Amino acid sequence: MEKFIYEAHSGLRWLVVLMTAVAFVWLLVRYIQNLAYDKRTHIIVASWAGLVGLQWLLGILLLVVLGQYSGIQWSHAGVMTIVLAVAHGYVPLKKRADKIRYQGGLASIVAVGVLIFVGVQLVNGWV
């Protein structure tokens, strides 16, 4: 069971990376072209945030199943919990102007990328 959850958590990261790239490029192109923030854009951003949430959930499940609660695991889980909150930072912007929604989505993706880098480095012992 542990190996399955670990492999799922490890493998899902590539889907998160792919969706992050798709969402970032989609938002950036539509922002530059001054296009409306439409339903498809919302679905792409919500899908990206949902995958981040699924990755977080698998990580928490892995932490519980393994029963390892060292400082490294808590630090990683803490940073990734912040990542989850930042990934959903676009939600309060729902009633704002399109430009603000695009800027918020792009900022959220960049901030999540930086935080994930830090969180992964904690596990690798680089930070």
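The values are calculated or read from the model by the stated rules, or taken from the named source; none is laboratory data. None of these values were measured; they are calculated from a predicted model. Backbone-built Cβ (ideal geometry, glycine too); neighbour counts: all protein chains shown.
Numbers below:
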quantity	calculated
Pairs with Cβ under 6 Å, 6+ apart, first in region 49-62 and without any contact (Cβ under 8 Å) to a residue 60 or more places away in the chain and of a type outside the set (Lys, Arg), second surrounded by fewer than 19 Cβ atoms within 10 Å (Cβ to Cβ) and not in a helix (DSSP H, G or I)	Ala49/His88
Residue ID - farthest from Leu106 (Cα to Cα), chosen from residues in region 1-51 that are surrounded by 11 or more Cβ atoms within 10 Å (Cβ to Cβ) and polar (S, T, N, Q)	Ser10
Residue check, Trp56 closer than 19 Å to Ala8 by Cβ and modelled with pLDDT of 95 or more	yes
Residue within region 68-82 that is under 23 Å from Leu27 (Cβ atoms) and touching a helix residue (DSSP H, G or I) at 6+ places or on another chain (Cβ under 9 Å) present	yes
Residue list for region 93-112, filter: touching a residue at least 40 places away in the same chain (Cβ under 8 Å) and under 17 Å from Asn34 (Cα atoms)	Asp98, Lys99, Arg101, Tyr102, Gln103, Gly105, Leu106
Residues that are more than 29 Å from Lys39 (Cβ to Cβ) and modelled with pLDDT of 95 or more, drawn from region 115-127	none
Residue pairs meeting the criteria (Cβ under 7 Å; at least 6 apart or on separate chains; first over 15 Å from Leu57 (Cα atoms) and in a helix (DSSP H, G or I), in region 1-21; second among the β-branched types (Val, Ile, Thr) and at pLDDT 90 or above)	Thr20/Ile109
